[in-house]
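Read-outs throughout are calculated quantities, based only on the coordinates presented, and are distinct from any laboratory measurement. Bear in mind that the values here come from a model prediction, so they are computed numbers and not experimental data. Cβ coordinates were reconstructed from backbone atoms using ideal geometry, including for glycine residues, and neighbour counts include every protein chain displayed.
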Amino acid sequence: MLDKAAKSEVTLEQIYDESGSWHVNTGGETIHAKRMKGRFRKIKWMTMSVWLVFFLGPYLRWGDRQAVLFDIPARKFHIFGATIMPQDVWLLALVLLFFAISLAAVTSIAGRVFCGYFCFQTIWTDIFTWIEEKLEGNPAKRRKLDKAPWDFRKIRIKASKHLIWILIGMLTGISFMAWFTDAYQLWGNIFSLNLNGLEIAVLLAFTLGTYILAGFMREQTCFWLCPYARIQGVMYDSDTILPTYDVARGEPRGKLKKGQIDEGKGDCIDCNQCVAVCPTGVDIRQGQQEGCITCGLCLDACDSVMDKIGRPRGLIRYASLDEIQGKEQPPIYKRPRILIYAGIISFAAFGLIYGLSHLGSLDLKIIHARQPLYVQQSNGDIQNKYQLKILNKSDQDMTVSITLDGLKKYKTQGLKDRVLLPAGKLSSFTVFVRAPRSVLDKERTPLKFTVHSFEVYDDTAEYESMFYGPRT
Ligand code: SF4
Ligand code: SF4
């Protein structure tokens with residue numbers, strides 16, 4: 001059993017020496033988590049890289065402007081070719097619904113994997129502690145440095161670390177702002193010290209916020225500030241897959257000495273490696289805890305220990321309560337709450353696809369005058385009055401034609417052959433439509449207005465209204 005341990009670089013005695021002092025932190029000390037290689041560490045690096053989109057995304061161009069730009073002053077969101085105006089805010093509601101329910105579904109299936117692998121708080125903390133390790137050394141050295149008296153070396157190391165942390169905080173703030181203004185222009189303004197008051201306030205807030213939350217508060221942010229950490233428990237059930245210590249296999253735990261095999265003991269050799277690597281200071285052997293962010297790093301640690309002592313991996317593994325208790329686990333498509341989540345997610349996704357594919361550069365609204373509904377002219381013709389509101393959502397002036405369908409022998413007043421719509425502006429027109437009473441065979445006749453742009457954009461907007469007449 002110990003052959004592998006003998007061959008490994010780190011001996012069991014060393015493992016016990018370096019981790020013997022570990023205990024669950026309740027907020028009174030800084031956690032210096034050990035870093036170990038492994039499958040889940042690799043996955044974490046990969047998922048963390050998704051955040052590169054946050055830093056690099058604003059520099060993508062689409063035509064002559066930023067590909068994704070949340071232009072708050074102009075009240076327009078540009079997302080590649082699509083422009084979303086306040087009128088399309090329902091799309092934003094669907095986006096929020098999609099992500100909120102997706103988060104609930106993922107939590108129900110695999111616990112807080114979002115926290116462990118994607119959340120900005122845990123990822124920024126991971127980067128900050130990685131820098132800390134590069135400058136100050138492994139956890140034992142970091143703790144020693146923390147306790148050491150201030151001398152030139154300590155000042156140099158600590159100052160370098162805090163300077164890098166602050167620079168990362170600043171870069172985070174600049175990257176955030178770059179989604180709301182032209183990113184290249186923003187850098188120009190920064191270098192020429194030409195930021196406005198709001199930009200300075202946002203930059204300061206993000207720099208300080210990142211520095212404090214990721215540098216100092218770390219896992220305490222998850223414990224005390226994050227609402228999601230509070231509510232995630234209600235999304236779990238006995239089929240939720242979570243990092244779980246296999247008690248039946250691991251207990252009774254006991255220290256293992258080189259060359260000693262105790263058949264009465266479980267597989268856990270009480271090395272505390274799983275606690276040493278945990279970024280939130282959790283001892284997963286005590287069962288599920290609020291602090292566990294489902295990062296899987298304790299799985300890597302325990303697997304490496306199992307490799308060393310020649311036992312199968314998986315003493316700590318992603319498993320559901322039912323699986324650990326030997327019960328049968330239903331397939332995912334038979335879990336009612338997952339089906340409900342899937343239904344809501346599909347609804348939101350379908351709505352988004354529909355909305356984005358029907359987003360045009362024109363928006364048409366028509367208000368039919370109510371008082372009176374119609375006017376009978378001296379020659380017997382019936383006249384209705386309409387208020388047309390046409391929004392040109394594009395960045396360029398647009399010439400459009402407006403046509404009517406549904407009425408015979410009608411005449412209009414207030415409609416020109418071609419109408420110029422200024423870029424990004426709402427244009428309003430009053431239009432009178434007249435028709436001989438003889439062509440009206442009912443009290444309400446459907447009438448469709450069509451606005452057609454035929455210059456820069458080949459786009460059309462339609463609105464169905466009514467033409468009212470006297471009772472026949
Ligand atoms: S569960 Fe694994 S890593 Fe944790 S103390 Fe036991 S053997 Fe060590
Ligand atoms: S207990 Fe394991 S999975 Fe949970 S936070 Fe700690 S290291 Fe990550």
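Could you tally the net charge around Tyr184, taking each other residue with its Cβ under 13 Å from the Cβ of Tyr184, Lys/Arg +1 and Asp/Glu -1? Numbers along the way, then the final one.
Details: positive: Arg61, Arg65; negative: Asp64, Asp182.
That sum, taken over residues with Cβ under 13 Å, equals 0.
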With the calculation restricted to Cα positions, what are the radius of gyration and Dmax of the chain in angstrom? 32.4, 113
Interchain or long-range residues, amide H under 5 Å from Leu242's placed H: Ala319, Ser320
Net length gained if the chain between Ala148 and Phe99 were fully extended (0.36 nm per residue, minus Cα distance): 13.0 nm
Relative contact order, percent, the range 362-468 [alpha-carbon distance under 8 Å, six or more residues apart]: 31 percent
What's the local net charge at Arg39, with K and R +1, D and E -1, over the other residues with C-beta under 15 Å away? +4
Determine, from the Cβ-Cβ distance of Ser346 and Trp179 and an R0 of 35 Å, the FRET efficiency 1/(1 + (r/R0)^6), rounded to the nearest 0.05. 0.80
Cβ-based exposure ranking for Asp126, Asp441, Asp363, in which fewest neighbours within 10 Å come first: Asp441, Asp363, Asp126
Hey, can you grab everything whose amide H is under 5 Å from the amide H of Leu447? Only 5+ residues off in sequence or another chain; H modelled, so Pro and N-termini drop out. Ser465, Met466, Phe467
With helices defined as uninterrupted DSSP H runs, which ones in the chain have an alpha carbon span along their own long axis of at least 27 Å and mean Kyte-Doolittle hydropathy of at least -0.5? 89-110, 152-178, 336-357
Is any residue of the range 387-422 close enough, with backbone N under 20 Å, to a label point placed 7 angstrom from the Cα of Asp64 along the Cα-Cβ axis, and if so, which? 392-400, 421-422
Please compare each pair in Lys37/Lys308; Lys385/Lys411; Lys265/Lys327; Lys134/Lys154; Lys385/Lys448; Lys365/Lys448 to a cut-off of 19 Å on the Cα-Cα distance and tell me which ones are over it. Lys265/Lys327
Pulled fully out, how much extra length does the chain show between Tyr354 and His162, if you take 0.36 nm times their separation in residues and subtract their Cα-Cα distance? 64.3 nm
When Thr460, Thr129 are ordered from fewest to most other Cβ atoms inside 10 Å of their Cβ, what list results? Thr460, Thr129
Spin-label point model (7 Å from Cα, Cβ direction): what's the Arg313 to Phe80 distance in nm? 3.7 nm
Among His452, His78, His358, which comes first, second and so on when ranked by fewest other beta-carbon atoms within 10 Å? His358, His452, His78
Two-site label geometry, Gln329 and Val375: point separation in nm, points 7 Å out along Cα→Cβ: 7.4 nm
Can you tell me how much longer the chain between Lys416 and Ile127 gets when fully stretched, taken as 0.36 nm per residue apart minus their C-alpha distance, in nm with one decimal? 97.8 nm
